[in-house]
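Colleague: One structure follows; several queries about it will come next.
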Amino acid sequence: MILFISDLHLSPRSPGATALFLRFLADRARQAQARDIRGDLFEAWIGDDDIDDPYHARIVTALRATADAGVQISLMHGNRDFLLGQKFADAAGLRLLADPYDLTLPEWSFVLSHGDALCLDDTAYQEFRTRVRAPEWQEKMLARPRFVRRLVARYFRWRSRNTARAVYADLNPSATDDFLRDHGYVTFIHGHTHQPATHDHIVDGIHVERWVLADWHEDRGEALVWDGEMLKREAIVFENRP
Ligand SMILES: [Mn+2]
């Protein structure tokens, strides 16, 4: 069984989602052989030296415990936590995946992505993405003192709140068709848009499914479960709430 999750946007300002995720790691996730995080695990990430922040240390320790229990955890960068690096991956016991990633199982094949690279209609965002994903930009950024990086992260959040629409731009349809063709018409799983849905694409006469993962909220998360035969959405909620 594989559990796919995405867009948790964890931060000290989201205690509910954090508690849900910690519970999920200690309980539901342990029943899986593998667990895959499709990006934006954190609301912001300013560099792996921030692992020692008490909030981050709690998450890293919990991920590590689940990994040590025999669950293979993999993580892809989102547009918020693209500075997550190998030091974080080693500490948390997980594997960083390239975006996109072809997941070939004996019984079915998938292509995984965060999804933001296909949102081509948002040209301002694509310019920003190209800039901050460049190794030179990242190297320069990571060399800055932590307090400077915190301010930059805060500015990015502020700017995206003020200039972006309430929801992210959706994937560009023709770029998505090209993407599905390039990846052999396999089932596509992504997050990022915060618009959970299952889409049917017909590409070159072939039916291809695209599953969009839900983002997490203070009282509810979602996992997409692959049980070896089919995909199913599962709500992650507090069970003993009055
Ligand atoms: Mn995102």
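The values are calculated or read from the model by the stated rules, or taken from the named source; none is laboratory data. Every value quoted in this text rests on a predicted model; they were computed, and no experiment measured them. So basically every Cβ, Gly included, is an ideal-geometry build from the backbone, and we count neighbours across all protein chains shown. Protein only, heavy atoms only, side chains kept; ligands, DNA and RNA dropped before computing areas. Shrake-Rupley method; radii C 1.70, N 1.55, O 1.52, S 1.80 Å.
Colleague: By DSSP, what percent of the beta bridges with both residues in segment 2-236 are antiparallel, rounded to the nearest 5?
Modeller: Close to 50 percent.
Colleague: Right, another one. For Leu10, which sequence-distant residues (separation of 5 or more, or a different chain) have an amide H within less than 5 Å of its own amide H, given hydrogens modelled in the peptide plane?
Modeller: HN-HN under 5 Å from Leu10: Phe42, Glu43.
Colleague: Would you mind working out the accessible area per residue for the chain, using a 1.4 Å probe, and quoting it in Å²?
Modeller: The answer is 49 Å² per residue.
Colleague: Taking the alpha carbon gyration tensor of segment 193-242, what are the square roots of 5 times its eigenvalues, largest first, to the nearest whole Å?
Modeller: They are 28, 13, 6 Å, listed from largest to smallest.
Colleague: Multiply the residue gap between Glu209 and Leu151 by 0.36 nm, knock off their C-alpha separation, and tell me the result in nm, one decimal place.
Modeller: 16.9 nm
Colleague: Within the accessible area of segment 110-215, what % is carbon and sulfur when the probe is 1.4 Å and the other protein chains stay in place?
Modeller: Answer for segment 110-215 is 54 percent, counting heavy atoms of protein chains only.
Colleague: Using 0.36 nm per residue, how much length does the chain from Gln33 to Arg129 gain when fully extended, once their Cα-Cα distance is taken away?
Modeller: Contour length minus the Cα-Cα distance gives 31.3 nm.
Colleague: Separate question: Where in segment 221-235 is the amide nitrogen less than 20 Å from a point lying 7 Å along the Cα-to-Cβ axis of Arg95?
Modeller: Zone members listed by number: 224-229.
Colleague: Moving on. Where the convex hull is taken over the Cα atoms of the chain, what is its projected area averaged over directions, in nm²?
Modeller: If I average the Cα hull's projected area over directions, I get 13.5 nm².
Colleague: Now a separate question. Find the relative contact order for the chain and round it to a whole percent, using C-alpha pairs within less than 8 Å whose residues are 6+ positions apart.
Modeller: 24
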